[in-house]
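The values are calculated or read from the model by the stated rules, or taken from the named source; none is laboratory data. Predicted, not measured: the structure shown is a model, and the values here were computed from it. Here the Cβ positions follow ideal geometry from the backbone for every residue, glycine too, while neighbour counts run over all protein chains shown.
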Amino acid sequence: MKRVLTVLALLIVALAAGGGWYVYSKQPTRQGQVALQHLQGSVTVHYDERGVPHIRAENETDLYRALGYVQAQDRLFQMEAVRRLARGELAEVLGPKLLDTDKLFRSLRIRERADSYVAALDRQSPAWKALQAYLDGINQYQDSHAAPVEFDVLGIPKRPFTAEDSISIAGYMAYSFAAAFRTEPLLTYVRDQLGAEYLNIFDLDWQPNGVLAKRRASPAPVLAASDWKDLNALARLSEQTLADHGLPQFEGSNAWVISGNRSKSGKPLLAGDPHIRFSVPSVWYEAHLSAPGFELYGYHQALVPFAFLGHNLDFGWSLTMFQNDDLDLIAEKVNPDNPNQVWYRGKWVDMVTTEQQIAVKGQSPVTLTLRQSPHGPIVNDALGTAAGKTPVAMWWAFLETPNPILDGFYQLNRADTLAKARAAAAKVQAPGLNIVYANAKGDIGWWASALLPKRPAGVKPGFILDGSTPQADKEGFYPFSANPQEENPARGYIVSANFQPVSPTGMEIPGYYNLADRGQQLNRQLSDKNVKWDNVANQKLQLGTTTAYGPRLLAPLLPVLREVVSDPAELKLVEQLAQWSGDYPLDSISATLFNQFLFNLADAALRDELGNDFFETLLPTRVIDAALPRLAASADSPWWDNHNTPGKETRADTVKVAWQASMAHLKATLGADSAQWQWGKAHTLTHGHPLGMQKPLDQIFNVGPFAAPGTHEVPNNLSAKIGPAPWPVTYGPSTRRLIDFADPAHSLTINPVGQSGVPFDSHYADQAEAYIEGVYYQANFNEEEVMANTRSTLKLLPAR
């Protein structure tokens, strides 16, 4: 028995040692010396207490090569996963369940655009040379180190990273903004299948010009029942593709700048917190870069060497999403005698057909046939090519504009004047971004960056357009000077929060903008001339959890609730809602009650008309946020009637049903005692890793859950989809940054999880609790403070 126990003990020790060695072999190397090919001189990397690399090189090329190397140490699997998603190559490593996702992204033609984009780049430009050095650093790391654990689990082969991969990721970013893909089929269905009166709650003008109508040759609508089913499936696939794989999706953002005459320090203040889907690792990789003539503390995305957010002692900027509509869906008229021809500008025109092979793990490759009309790729081919289906083409600015975005961000990383920042902003054409800027000289500015298409007069691109008419065509693009923008306004501040901006020409800019409530909340506070702003006040503003949305929606319904609710205990809850300010701290009961009621109100009013599938499509869109307050205020809306009953329901009838359903669900979920319905118990944040989507791997790779304050469309925009309790947070501030240009070396920042994407690394999740508690860390910038906070030093040396 002793011998058996001894052998077992030795086996356990051996297994533990082997497991420990395996985990250790995957960890980043942040100490010692490493030889790199193609370096011209030595590079020093100081890692601080949060794992942020401070990279000092003798020239820019070495600087970007070193950035690629150290970022790959922390984020190689993130780089691999996002390039595979963007290029439609997930099924090769994840199997046939990802085939539809791959088909969708192949149909977007991101791969082809990346190839043509890279072919046209100037090989002598500084941006190209920097990109090549950065990719070389990544590839040198990959070639010389053990693959990440995720590669082993999924059987991912190592492949070099290329410029085409980087541009493909830019395409993914542009697509993740494209709310039109997930909204236009829904709005067109409401208009064509339910009627114009049902559109009123969506705050859309009824404009038949340029949208689908009945063909003269046939009394039937252009889109048949099978087409609606397919379009909704496409919208749902688009949403699920972005939501289900633990990868970043871009949603909204806050940014503001305050001029020196409104600040305590007398210098501009910059604040920013882009709203992006939470993931492990988080989207941003912080790095402090320094070379002769260049220094920047920046926030980098996977496979992009230039910071999308950044600052130094002289200037800084943040981003929000413009949310202009840069994607049109266009239903084509097919030649009844030739299904490969569509009617275009007065004649039948052939569609171009190509085939691609999609590798599928454990199966033979799948052939995907792709078609393209003169308007763009046929996107519903991703669902198959059954006979009789209406081809729906996609016009997308990412495919149709020059979009020198790499050069634009290379220049923005060096834009120490308003003029340089403006020139860089003009080169960002798709996706549309708001660039919010300040410098130590005292300037503040904002530019809505996009190449805006000229659509024919009267066209409403919020609906699927009719490809057989000229209304689907584009008449060129507007000049950048027509884009919304401001420089040094007299009010002394600029706020950008995804609300609809105004062009200096007054032209209409279609888009899927967020509600104005969040921006209005920020504007109310920033407009107080009695306040002299500093970063302490900016923290409170950035962490705010209140807007007027909830009280605004409830106001017309409170008299109805008082009429239809009879239980005394429930009437007390109604009165609590009447006194509620719209705030979302962790202990709020009214916040929980309101969000459950919000879902049940939408469910009771809208599901019967839309059906289950389109109702589920509606819930994560931006248009529902505008629709529900308008519905609540409209006593005679046709939505109140339940189509599944013989009678005609009123607003009071439906509100009563929604309230009763809310009470029943909260009691079943959170308990019969309403005092236990605190917001923090029902609203939680878990940072999901792609492998954490499967149990029990979630226990290893995911981070959380954490009780989360805030909600959808408050400044601290920790958002969950409208639905029944509990509410898992899906997106929110992807970082929080505050910079006072009187002391830019002591900016404040936070990462939602940690710098590293390597499981079991000390920086994998070391900021997660601080983030949810609203803590900020000082970013190290001055050389003395970098050295004082250095925890390890890595020297990169030229290979001999």
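Here are some notes:
- When 754, 732, 692 are checked against the criterion of being of a type in the set (Gly, Ala, Ser), crowded, with 17+ Cβ neighbours inside 10 Å and in a strand (DSSP E or B), 732 stands alone in meeting it.
- Conditions (1) over 30 Å from residue 334 (Cβ atoms); (2) surrounded by 17 or more Cβ atoms within 10 Å (Cβ to Cβ); number of the one not met by residue 512: (1)
- In the range 586-607, the residues that are under 26 Å from the mean Cα position of the chain (by Cα) and closer than 16 Å to residue 671 by Cβ: 592, 596
- Single residue of the range 329-371 satisfying the filter (under 33 Å from the mean Cα position of the chain (by Cα) and of a type in the set (D, E, K, R)) that is surrounded by the most Cβ atoms within 10 Å (Cβ to Cβ): 332
- The residues of the range 130-153 that are of a type in the set (S, T, N, Q) and surrounded by fewer than 17 Cβ atoms within 10 Å (Cβ to Cβ) amount to a single one, 144.
- Residue 635 closer than 28 Å to residue 710 by Cα and either aliphatic (A, V, I, L, M) or in a helix (DSSP H, G or I) (or both): no
- Which listed residue, of 146, 91, 130, is more than 30 Å from residue 694 (Cα to Cα) and either touching a residue at least 40 places away in the same chain (Cβ under 8 Å) or among the aromatic types (Phe, Trp, Tyr) (or both): 130
- On the stretch given as the range 757-800, residues that are touching a residue at least 12 places away in the same chain (Cβ under 8 Å) and either in contact with an Asp or Glu (Cβ under 7 Å, 6 or more places away or on another chain) or not in a loop (DSSP other than H, G, I, E, B) (or both) total 23.
- Residue within the range 569-588 that is surrounded by 22 or more Cβ atoms within 10 Å (Cβ to Cβ), in a helix (DSSP H, G or I), touching a residue at least 60 places away in the same chain (Cβ under 8 Å) and touching a strand residue (DSSP E or B) at 6+ places or on another chain (Cβ under 8 Å) present: no
- Only one of 645, 621 that is under 30 Å from residue 500 (Cα atoms) and either assigned to a loop (DSSP other than H, G, I, E, B) or of a type outside the set (Val, Ile, Thr) (or both): 621
- Restricting 669, 686 to those that are closer than 23 Å to residue 707 by Cβ, part of a helix (DSSP H, G or I) and assigned by TED's automatic domain parsing to the domain that holds residue 712 reduces the list to 669.
- All told, residue 363 falls short of being out of contact with any Cys (no Cβ under 6 Å at 6 or more places or on another chain), in a strand (DSSP E or B), in the same structural domain as residue 227 (by TED's automatic domain parsing) and not aliphatic (A, V, I, L, M).
- Any hit, the range 708-723, residues being modelled with pLDDT of 95 or more and out of contact with any strand residue (DSSP E or B) (no Cβ under 9 Å at 6 or more places or on another chain): yes
- Residue, nearest to the chain's Cα centre (by Cα), within the range 127-186, restricted to residues that are polar (S, T, N, Q), part of a helix (DSSP H, G or I) and closer than 30 Å to residue 322 by Cα: 176
- Residue in the range 732-746 that is touching a residue at least 12 places away in the same chain (Cβ under 8 Å), of a type outside the set (Gly, Ala, Ser) and over 19 Å from residue 537 (Cα atoms) present: no
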